[in-house]
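In what follows, a structure is listed as structure tokens, so that the remarks can point back to it.
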Amino acid sequence: ECLYGKELVKNPIRVFIDNVGPEINSQYPDYGPVINADESVMLFTSRRPNTTGGGIDPNINEPFEDIYISTKKGDKWSPAQNMGKPINTDDHDANSGFSADGQKFLIYRSNQKDGGDLYESELRGDSWSKPEHMNKNINTDYHESSACYTPDGKGVYFVSDKPDGSL
């Protein structure tokens, strides 16, 4: 990463970063946005006071994470909505990856046993399914957090702190 960073600094490119506006951004931590391929749906994680269950993370004295959703109408995003249960629980829930077709997404949920696992929810009609715990090929007795789908949607890349992983 450091070597790549040095190369990027040698050859900077011009980029524009636009604020998506108050429909998405709040005065609270809002992060980790993922957008489907046709750019019609955005999911992101936030620590807002209306967190599902109303819990506060004792380590940082902020609300637990929840997942929010917004849809794009023309050039404007709709006001972000907490996805509520069953997507969000009374603990940490963070979006991780979104399939290009917008039909599935990956969720990180913390737990006391191993620090957290990955779940998947599917769009069924107009609503999202109850998140399913991913299988033992992904979730282990170690911490699995960030993940994304492969471009063809048939695989998942994920982060784990299990021993003998590869970098």
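The values are calculated or read from the model by the stated rules, or taken from the named source; none is laboratory data. Remember, predicted model here, so these are calculated numbers, not experimental data. Every residue, glycine among them, receives a Cβ derived from its backbone with ideal geometry; neighbour counts consider all protein chains shown. These area figures cover heavy atoms from the full protein model, side chains too; ligands, DNA and RNA do not enter into them. Shrake-Rupley method; radii C 1.70, N 1.55, O 1.52, S 1.80 Å.
Loop-located trypsin sites (Lys or Arg not before Pro) in the stretch 69-167 (DSSP state other than H, G, I, E, B) with a sparse environment of at most 13 neighbouring Cβ atoms within 10 Å: Lys113, Lys136, Lys154. Only protein heavy atoms count here; under a 1.4 Å probe, Phe158 has an accessible surface of about 70 Å². Summing charges over neighbours of Glu132, with a neighbour being any other residue whose Cβ is under 9 Å away from its Cβ, gives -1 when K and R count +1 and D and E count -1. With helices as the sole contributors, the chain gives -1500 deg cm²/dmol at 222 nm; each DSSP H run of n ≥ 4 counts as -39500 (n - 2.57), and the sum is divided by every residue. Checking every one of the trypsin sites (Lys or Arg not before Pro) in the stretch 1-51 against DSSP loop status and a limit of 13 other Cβ atoms within 10 Å picks out Arg14. As a fraction of the 1.4 Å probe accessible area of the stretch 54-167, surface on carbon and sulfur atoms comes out at 49 percent.
Principal semi-axes of the equivalent ellipsoid, √(5λ) from the alpha carbon gyration tensor of the stretch 1-77, are 29, 21, 11 Å from largest down.
Between Asp57 and Thr71, the simple spin-label model (points 7 angstrom out along Cα→Cβ) gives 3.0 nm.
Within the same chain, aspartates and glutamates fewer than 8 places from Lys85 are excluded, and of the rest, those with a Cα less than 12 Å from its Cα are Asp66, Asp93. Distance between the 7 Å Cα→Cβ label points at Val15 and Ala100: 2.1 nm. Over the chain, accessible surface divided per residue gives 64 Å², non-protein components excluded, 1.4 Å probe. When the listed pairs Lys72/Lys154; Lys10/Lys104; Lys6/Lys72 are checked against a 31 Å cut-off, the alpha-carbon distance exceeds it for Lys10/Lys104; Lys6/Lys72.
Other residues with beta-carbon under 10 Å from the beta-carbon of Ser78 carry, at +1 per Lys or Arg and -1 per Asp or Glu, a net charge of +2.
Computed over the alpha carbons of the chain, Rg followed by Dmax gives 17.0, 48 Å.
Of the residues Gly32, Gly55, Tyr142, the one whose Cα sits farthest toward the positive end of the charge dipole of the chain, with +1 on the Cβ of Lys and Arg and -1 on the Cβ of Asp and Glu, is Gly32. Taking a Cβ cut-off of under 13 Å around Tyr31, the surrounding Lys, Arg, Asp and Glu residues balance to a net charge of -2, with basic ones at +1 and acidic ones at -1. Each of Gly153, Val20, Gly115 was scored by the projection of its Cα onto the charge dipole of the stretch 1-157, and the greatest displacement toward the positive side belongs to Val20; charges sit on the C-beta of Lys, Arg, Asp and Glu.
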